[in-house]
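For reference, the structure is listed below as structure tokens.
The values are calculated or read from the model by the stated rules, or taken from the named source; none is laboratory data. These figures come from a predicted structure and were not determined experimentally. Don't worry about glycine lacking a Cβ; one is built from the backbone with ideal geometry, like all the others, and counts go over all protein chains shown.
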Amino acid sequence: MSGELSALDLLLSADPTLIAIVRLSLLISLSAVLFAALVGVPLGACLALTHFPGREVLIVILNALMGLPPVVVGLAVFLLLSRSGPLGSWGLLFTPQAMVIAQTVLVAPIIAALTRQTIEDLWVEYRDELAAMNVGPARRVATLVWDARFSLVTALLAGFGRAAAEVGAIIIVGGNIDGFTRTMTTAIALETSKGDLPLAIGLGMILILIVIIINALAWGMRHVAERYAG
Amino acid sequence: MMNRRTVMVAATLAAAIFTAPVHAQDKSIVVSSTTSTQDSGLFGYLLPLFKQKTGIEVKVVAQGTGQALDTGRRGDADVVFVHAKSAEEKFLAEGEGVKRYPVMYNDFVLIGPNSDPAGIKGTKDIARALQMIKDKQAPFISRGDRSGTHIAELALWNKDAGIDIEKDKGSWYKSIGQGMGAALNTASASNAYVLSDRGTWISFKNKGDLVIAVEGDKRLFNQYGVILVNPAKHPNVKRDFGQQFIDWLVSPEGQKTIANYMINGEQLFYPNASDPGA
């Protein structure tokens with residue numbers, strides 16, 4: 001109990017180290033979700049509305065990529081960004097940027113796959129109407145994504161959940177450097193290895209609390225927006 | 001679909017993320033080091049003092065010694081600070097490092113459950129203790145991760161106790177492939193013996209029923225060394241800042257600072273930069 005209290009104390013007393021860790025965690029995971037959405041939403045929508053040979057195979061692969069092991073993504077990004085790797089001259093290994101890249105790779109397939117399913121379901125409803133209006137493919141994608149925007153929030157939240165929860169990728173490419181690349185999950189891993197299990201559990205509870213708050217905010221915003229959208 | 005505001009936010013965020021830390025990188029170095037130096041809290045104590053004096057920020061990536069040296073080999077660190085002399089000398093022989101400086105030492109301790117199933121408590125002879133653990137098939141946790149502690153453990157089994165552990169190990173010997181803290185957690189949860197560096201042991205918070213079973217054998221000596229990664233091989237290495245860090249560690253001031261680091265009145269590391277054979 002005392003450990004949970006001490007973690008709570010850290011939070012309530014606005015401990016600067018803890019605040020910085022929480023801030024970095026949110027910044028990295030939210031950025032990753034944003035970049036992944038910029039890639040994943042159009043990709044998923046296009047896949048939902050186009051027909052070409054091998055489409056089914058691509059969908060199966062995309063769905064499977066939702067289960068990409070973070071540690072494998074971490075290792076791949078690590079090898080790319082290492083000084084001995086092809087992108088070594090960028091000097092990004094062991095930086096927050098590298099962590100955003102790794103999480104974007106993890107999250108993009110989740111957002112793309114869920115977008116594909118959402119848009120495809122909606123397409124069944126809209127098909128006749130859009131066909132009658134005779135709109136081109138680009139407009140079709142835009143219309144459907146816009147009309148599905150509230151459902152797509154769930155896809156973004158699924159992506160955020162994945163990003164906020166994972167430790168395997170960011171601990172490899174970020175290095176868990178104190179005050180620079182240490183996030184909630186890597187701090188929990190570190191405290192566990194130091195044997196400070198109560199503090200680790202306390203940090204874990206704070207992380208869960210933050211994820212709940214983010215989801216509640218998204219839920220609230222969705223309802224307000226839906227009301228205005230009529 | 002992607003309205004202009006979303007794109008603006010994305011662009012701003014991207015700009016913020018991808019430019020902010022560049023300034024912070026100007027006067028900083030990456031040191032790949034061992035879990036023991038981080039988990040024991042030594043770096044948390046040393047680095048702010050070093051930064052105050054020089055303005056150089058030291059970013060520590062804590063890994064096992066083998067992995068830390070590999071990080072140097074790939075050019076991803078400016079300095080390596082590790083504890084396995086044989087592996088460090090190999091690193092130098094490959095031309096990956098400039099020069100090895102001895103910095104400090106502490107010692108390894110054999111940790112075990114208070115119930116002492118192998119009956120070794122109190123013995124000062126580490127080789128004899130390992131033989132008894134093997135004879136009694138008492139549970140033993142090995143790091144199994146090419147860390148300095150793992151390398152030392154293998155040498156104690158193979159050289160000092162005369163046991164070919166690769167061949168003679170049974171289900172009582174579990175290699176977990178993880179850091180020191182994780183190994184101590186595992187030993188604590190399964191009432192097993194485990195070799196630990198003293199610094200991590202003192203600062204470890206989940207001791208449970210574990211106690212020191214064997215200590216004080218001079219074969220348990222644990223030397224730390226620091227090496228600048230060779231800038232001739234890895235041009236991105238920050239030679240000046242890295243060398244400044246090394247020079248400070250082995251200077252009288254750095255050595256005194258290391259000696260002053262204590263937990264509960266217990267000194268964790270003993271400086272010995274002036275010992276040329278260390």
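Tell me whether segment B:256-266 contains one or more residues that are surrounded by 14 or more Cβ atoms within 10 Å (Cβ to Cβ) and basic (Lys, Arg). Within segment B:256-266 (the criterion being surrounded by 14 or more Cβ atoms within 10 Å (Cβ to Cβ) and basic (Lys, Arg)), the answer is no, since none of the residues qualifies. Quick check: is even one residue across segment A:119-135 crowded, with 22+ Cβ neighbours inside 10 Å, touching a residue at least 12 places away in the same chain (Cβ under 8 Å) and in a helix (DSSP H, G or I)? Checked against the condition, which is being crowded, with 22+ Cβ neighbours inside 10 Å, touching a residue at least 12 places away in the same chain (Cβ under 8 Å) and in a helix (DSSP H, G or I), segment A:119-135 yields at least one hit. For segment A:167-183, a residue qualifies if it is crowded, with 24+ Cβ neighbours inside 10 Å and within 17 Å of the chain's Cα centre (by Cα), and the qualifying residues are A:Ala169, A:Ile170, A:Val173, A:Gly174, A:Thr183. Flag not set for B:Ala213, criterion: touching a Ser or Thr at 6+ places or on another chain (Cβ under 7 Å), hydrophobic (A, V, I, L, M, F, W, C) and either modelled with pLDDT of 95 or more or over 20 Å from B:Phe269 (Cβ atoms) (or both).
Taking segment A:52-73 as the search range and keeping residues that are farther than 24 Å from A:Ala169 by Cα and β-branched (Val, Ile, Thr), which one is surrounded by the most Cβ atoms within 10 Å (Cβ to Cβ)? In this case the residue turns out to be A:Ile59.
Within segment B:113-149, no residue satisfies the criterion of being assigned to a helix (DSSP H, G or I), among the polar types (S, T, N, Q), farther than 24 Å from A:Ser193 by Cα and touching a residue at least 40 places away in the same chain (Cβ under 8 Å). Would you confirm, using the coordinates I've provided, whether B:Ala152 is closer than 18 Å to B:Ala84 by Cβ, aliphatic (A, V, I, L, M) and part of a helix (DSSP H, G or I)? So B:Ala152 passes the test. On the given criteria, is B:Ala213 in the same structural domain as B:Leu154 (by TED's automatic domain parsing) and farther than 20 Å from B:Gly66 by Cα? Answer is yes for this residue.
Exactly one of (1) modelled with pLDDT under 95; (2) surrounded by fewer than 20 Cβ atoms within 10 Å (Cβ to Cβ); (3) of a type in the set (Asp, Glu) is unmet by B:Asp164. Its number? Failed condition: (1).
Among the residues here, B:Val103 qualifies as out of contact with any Ser or Thr (no Cβ under 9 Å at 6 or more places or on another chain), assigned to a strand (DSSP E or B) and surrounded by 20 or more Cβ atoms within 10 Å (Cβ to Cβ). Considering only residues in segment A:136-166 that are of a type in the set (Phe, Trp, Tyr) and surrounded by fewer than 22 Cβ atoms within 10 Å (Cβ to Cβ), the one that is nearest to the other protein chains (Cβ to nearest Cβ) turns out to be A:Trp146. Among residues that are part of a strand (DSSP E or B), within 18 Å of B:Asp78 (Cβ to Cβ) and β-branched (Val, Ile, Thr), B:Val226 is included.
Scanning segment B:181-209 for residues that are outside any helix (DSSP H, G or I) and within 18 Å of B:Gly265 (Cα to Cα) turns up B:Asp197, B:Phe204, B:Lys205. Within segment A:40-55, being touching a residue at least 24 places away in the same chain (Cβ under 8 Å), more than 11 Å from every other protein chain (Cβ to nearest Cβ) and hydrophobic (A, V, I, L, M, F, W, C) holds for A:Leu43, A:Cys46, A:Leu47, A:Ala48, A:Leu49. Number of residues in segment B:29-73 that are among the aliphatic types (A, V, I, L, M) and more than 9 Å from chain A (Cβ to nearest Cβ): the value is 9.
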